[in-house]
Number of protein chains: 2
Amino acid sequence: MPAPQPSQPTDPSPLSAPPERGDARRSAPPSAPSPVVPPVLAEVVRSGFVEGRHRGALVVLGADGAVELALGDVTAPVFPRSANKPMQAAGVLRAGLDLSGERLALAAASHSGESFHRDLVRKMLDEYGLDPALLQCPADLPLDPEERDTYLASGASPDRITMNCSGKHTAMLAVCAQRGWPLETYLDPEHPLQRIIHEVVEDAAGEPVAAVGTDGCGAPLMAIGLVGLARAFRSFVGAGPGTAERRVADAMRAHPEYVAGTRRPDTWLMREVPGALSKMGAEAVQAVALPDGRALAFKVEDGATRALGPVLGRALTLVGVEGPVVDRIGRAPLLGGGREVGEIRAAF
Amino acid sequence: MPAPQPSQPTDPSPLSAPPERGDARRSAPPSAPSPVVPPVLAEVVRSGFVEGRHRGALVVLGADGAVELALGDVTAPVFPRSANKPMQAAGVLRAGLDLSGERLALAAASHSGESFHRDLVRKMLDEYGLDPALLQCPADLPLDPEERDTYLASGASPDRITMNCSGKHTAMLAVCAQRGWPLETYLDPEHPLQRIIHEVVEDAAGEPVAAVGTDGCGAPLMAIGLVGLARAFRSFVGAGPGTAERRVADAMRAHPEYVAGTRRPDTWLMREVPGALSKMGAEAVQAVALPDGRALAFKVEDGATRALGPVLGRALTLVGVEGPVVDRIGRAPLLGGGREVGEIRAAF
């Protein structure tokens, strides 16, 4: 493995002045590979033979917010995908929606599509008088593989409420309805709600959004660096009581089963580690903040979700989290003929 | 992207003397990352932003068998996974089974689990008087995602006949029954059948097996380099009529729908390009040989199946294959809100 990169000279404070906005989303996105070769974060080991490797970048912030460890290029912009969801939920609050409890956790969720998730999305749509057909997230099957098989076996078909981002879309529609904003264009990056979310992302990350794209669910997606992402999560945990950021963090930590699901690391971690805020994103992104100010963020270069657990498990030990939950998150056995013959294991 | 590595000074001839066997499988498997940083083979592009990369190694052999292009370390051993299946099927023939046509193609298959695959496996088990319970491949759902959803919706459960390797396991059991070899231990690397397959792999690759492991289906798995893998496929296509190798190649090319399935690149390629022999393997391995002696093999370091199509599509153009089938194989759109917003594209 290449040697860790030296710490980046970034301003660790989430309270620094927000950067200038404006032209950020029109700046040219990077298209050439980063000059830093990403180090190996996890190895795929079968029968004692390393048959594959997952590379990526990872940053750890200390309790004071300073970069304590940087593997790979941790300032290059990435799409955080659903790790942006706490910021999107805070944007919905900043726009004026009075959401709390399980409903706010679900607004920040990549839910597993279990029946209790689907039921609460339906209930929220009903409470705000929203027709489910207004949801612009695509019809999908449950995100959780076990739930997906059960769902199909029951004769159910893909639908929008089942899609893992349906809570977020419902909250976005609810605030638009309340504010009298257009419902048809709620996913347009220039829509008033999306402009507010853009501001929340830049405020939390302490850096400008480097590019805007379209997420799998159709929502605008804002690129920031891993240091910015870790800083954003840190700022949510450290925000003052009553702020949008703190309300989102508190709802997610109080109702972690609504943020992910029964068989998901984010839920396990927030349930077992008091005060931890954790959120994964598609294409193997993860961010975690602890109540003492420590935080981490990483992205696996190839986007493999299967590497998330082993890398997260090892990264948690670097911020002092230990115990059965770390082993549970980090364990990724490989099977041969139905028996365990290997594993995906962290390599840093 | 790093510059292509210079061609390796390997002997390209599949007719070179087979290497010494014996201690090869007890040699220590590599456990440190290769000193060669794998070049980027494919980029994940969303909304014009490169959000991920798939690295790997790729070799192209010319019509004379010489290495024409080598990206990354193409001599380091890899587990070919199911790209070993033509060699396993040839081993079954060498052991004495008289298999041909669709049955032989299915013996070399990673089938999609479509009904015509399952029906022929059942028929073969019946023809050889084999109880399906003898199959030691694990119970599984169809490999093809569309077939999988239909299968679950029909109320069916995972079973061994549906598992993509069931044709191979049936052929292995059939020859063991015929030879009076033990059926319970047919997957033991020291079983007479597996020793024959080991010989076929080394003969075809022209290099010793570097490590033996356990494949996902429970069968022994033999590691060779990508040059050896390309050479093996080339030797099958160029083998004399009536040889086990040629019989396997001919059956696969005559019945490509039994080697993969309705929605699979191997089937499309063998159907559209006369004389081409193509087989993918788990963890993003692919090998192809053309009747004029050209061949290619690659492995994506992170094992992402989604990168296979784009990398294969580009690689095919390097061996002179063109036309709609290349575009069809190479196309891997990414969606956002149900609309196409990007793609996985080759980057070499």
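The values are calculated or read from the model by the stated rules, or taken from the named source; none is laboratory data. Keep in mind that this is a model prediction, so the values were computed, not measured. We place every Cβ from the backbone using ideal geometry, glycine too, and count neighbours over all the protein chains shown. The area values use the complete protein model at the heavy-atom level, side chains included, leaving out ligands, DNA and RNA. Shrake-Rupley method; radii C 1.70, N 1.55, O 1.52, S 1.80 Å.
Remarks
- Summed side-chain charge close to B:Leu71 - residues other than B:Leu71 whose Cβ falls under 13 Å, Lys, Arg +1, Asp, Glu -1: 0
- Per-residue 3J(HN,Hα) values for the stretch B:80-90, derived from phi via the Karplus relation 6.51 cos²θ - 1.76 cosθ + 1.60 with θ = phi - 60°, read x, 6, 6, 5, 7, 4, x, 5, 5, 5, 5 Hz in sequence order (x marks Gly and Pro).
- A:Arg253 sits among other residues whose Cβ lies under 13 Å from its own Cβ, and their net charge, with Lys and Arg +1 and Asp and Glu -1, is -2.
- Neighbouring partner chain Cβ atoms per residue of B:209-216, average, 10 Å criterion: 5
- Checking Cβ-Cβ separations below 4.7 Å across chain A identifies A:Cys176 as cysteines lacking any candidate disulfide partner.
- Derived scalar couplings between HN and Hα for the stretch B:106-112 equal 5, 5, 9, 9, 10, 6, 6 Hz in order, rounded to whole Hz, by the Karplus curve 6.51 cos²θ - 1.76 cosθ + 1.60 (θ = phi - 60°), x for Gly and Pro.
- When the GluC sites (Glu not before Pro) in the stretch B:226-326 are filtered for DSSP coil states and for at most 14 other beta-carbon atoms within 10 Å of their beta-carbon, the remaining sites are B:Glu322.
- Taking the Cα centre of the stretch B:22-161 as reference, the dipole from Cβ charges on Lys and Arg (+1) and Asp and Glu (-1) amounts to some 440 debye.
- Spacing of the modelled spin labels on B:Arg179 and A:Ser157, each 7 Å from Cα toward Cβ, amounts to 5.2 nm.
- Computed over the protein assembly as shown, Kirkwood Rh from alpha-carbon pairs, angstrom: 26.4 Å
- Whole-angstrom gap from the stretch A:65-123 to the stretch B:51-88, using each part's C-alpha centre: 41 Å
- Of the residues B:Gly261, B:Gly338, B:Gly309, the one that moves most in a GNM of chain B with alpha-carbon contacts below 10 Å is B:Gly338.
- In this Cβ point-charge picture (+1 for Lys and Arg, -1 for Asp and Glu), the stretch B:81-298 has a dipole of about 440 debye about its Cα centre.
- Rounded to the nearest 20 debye, the dipole magnitude of the protein assembly as shown is 160 debye, with +1 charges on Lys and Arg beta carbons, -1 on Asp and Glu beta carbons, and the Cα centre as origin.
- Built amide H within the under 5 Å cut-off of B:Thr162, gap 5+: B:Asp140
- Proximal lysines to A:Lys123, defined as alpha-carbon separation beneath 16 angstrom and excluding residues fewer than eight positions away on the same chain: A:Lys168
- Value at 222 nm in deg cm²/dmol, rounded to 500, when DSSP H runs of n ≥ 4 in the protein assembly as shown each add -39,500 (n - 2.57): -10000 deg cm²/dmol
- Taking amide H as placed 1.01 Å from N in the peptide plane, the amide H of A:Glu301 sits under 5 Å from that of A:Arg55, A:Gly56, A:Ala57, each at least 5 places away or on another chain.
- Mean-position separation - Cα centroids, the stretch A:145-172 and the stretch B:247-267, in angstrom: 35 Å
- With a Förster radius of 22 Å applied to the C-beta separation of B:Thr150 and B:Thr243, the computed FRET efficiency comes to 0.05.
- Phi-based couplings in Hz for the stretch A:185-193 (Karplus 6.51, -1.76, 1.60; Gly and Pro marked x): 10, 5, 9, 6, x, 8, 5, x, 5
- Ranking A:Ala210, A:Thr185, B:Gly113 by how far each Cα lies toward the positive end of the dipole of the protein assembly as shown (charges on Cβ) leaves A:Ala210 at the top.
- Ordered by solvent-accessible area of protein heavy atoms (1.4 Å probe), largest first, the residues B:Glu207, A:Glu114 come out as B:Glu207, A:Glu114.
- Comment: the Cα-to-Cβ extended label point of B:Trp181, at 7 Å, lies 6.8 nm from its counterparts in the other copies, nearest first.
- The base-10 log of I(q)/I(0) for the stretch A:290-348, evaluated at q = 0.15, 0.18, 0.23 Å⁻¹, reads -0.49, -0.67, -0.97 [Debye formula, identical scatterers on Cα atoms, solvent excluded].
- Fluctuation leader among A:Val273, A:Val175, A:Val288 - chain A, Gaussian network, Cα springs under 10 angstrom: A:Val273
- Taking a straight Cα-Cα cut-off under 13 Å and skipping sequence neighbours fewer than 8 places away in the same chain, the aspartates and glutamates within cross-link reach of A:Lys279 are A:Glu257, A:Asp266.
- Per-copy distances of the B:Gly275 label point, shortest first, in nm (7 angstrom along Cα→Cβ): 7.1
- Label-to-label distance, A:Asp98 versus B:Leu318, with points set 7 angstrom from Cα along the beta-carbon direction: 6.3 nm.
- Using R0 = 41 Å, the C-beta based FRET efficiency linking A:Glu199 and B:Thr262 works out to 0.25.
- Intensity falloff of the stretch A:81-298 expressed as log10 I(q)/I(0), Debye formula with alpha-carbon point scatterers, at q = 0.14, 0.15 Å⁻¹: -0.77, -0.89
- Residues with amide H under 5 Å from that of A:Ile344, placed H, sequence gap 5 or more: A:Val45, A:Ala332, A:Leu334
- Distances from A:Ala156 to itself in the other copies, using label points 7 Å out along the Cα-Cβ axis, amount to 2.3 nm in increasing order.
- Peptide-level mean, for A:38-51, of C-beta atoms on other protein chains within 10 Å: 6
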